[in-house]
Every structure is written in C-alpha cells, then in structure tokens.
C-alpha cells in the first residue's frame, strides 16, 4: 500500500490524481470531458491556493482533520439541541403565565362591563 492514488473531482469538473506523497513537481490530470479549453488546477496550484487546508503532504492525514471537524460539529449540534430544549421550557412557562393573565384580564373586563352597566342603570334611574 506504499503507492496509491486518489482521484479527486475538481470544482471545474475535471479529475485530478493525488499521489501518496505530493512532490514539488507539477502533477496534472485530465478533464472528465477531455475538454482542453477548461483549466484544470494541478496539485501544486491547489496547495498554493489552499495552504492552510493542505499543510500536510499526506492526503489521508487531512481526513483526520475533517473527521475532527465533523465531531466538533456534532458536539455543537448537541449543545444547540440542549439550548433549544431550554428555550422550549421557557416558552411553555410564558404560555402558562400568558393564559393565567388572559383569564384574569377576561375576569376584570367582565367586572368592568358590570360596573358600566350599573352606572348607566343608576343614571337612568336618576332621570326618571
């Protein structure tokens, strides 16, 4: 397993062969459509454009970095879920309080209407 190749699909639609050890010489690939008018990034150009992503010369070491990022994203998703559960609990508490206040408001509104009717009745009795 010392000599292996990995074929990578480029953004421009071409295929690029990555060797186990990426050397300093330029490695080229062929386009999937064999269209010579499309530019195909070579391995060295990719390294120069993405120095932070390809610090290691071994491609499979980059998979470990990707795996660590995936684990971090899963942890963040778990934290997000816990925070959403807390928000749901707070929302349920507010809904309970809102219903309680709404019940009180209805009761006070009915009482207010009764006082208005009583005042109108007293005024009408005074005019008789």
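Bear in mind these aren't lab numbers, they're just calculated from the coordinates by the rules spelled out. Just so it is clear, the structure is predicted and the values come from calculations on it, not from any experiment. Here Cβ is always computed from backbone atoms with ideal geometry, including for glycine, and neighbour counts include all displayed protein chains.
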**Item:** Stokes-Einstein D for the range 83-127, Kirkwood Rh over Cα pairs, 25 °C, 0.890 mPa s (µm²/s)
**Value:** 186
**Prompt:** Ordered by packing density, taken as the mean number of other Cβ atoms within 10 Å over each peptide's residues, highest first, how do 5-17, 85-97 rank?
**Reply:** 5-17, 85-97
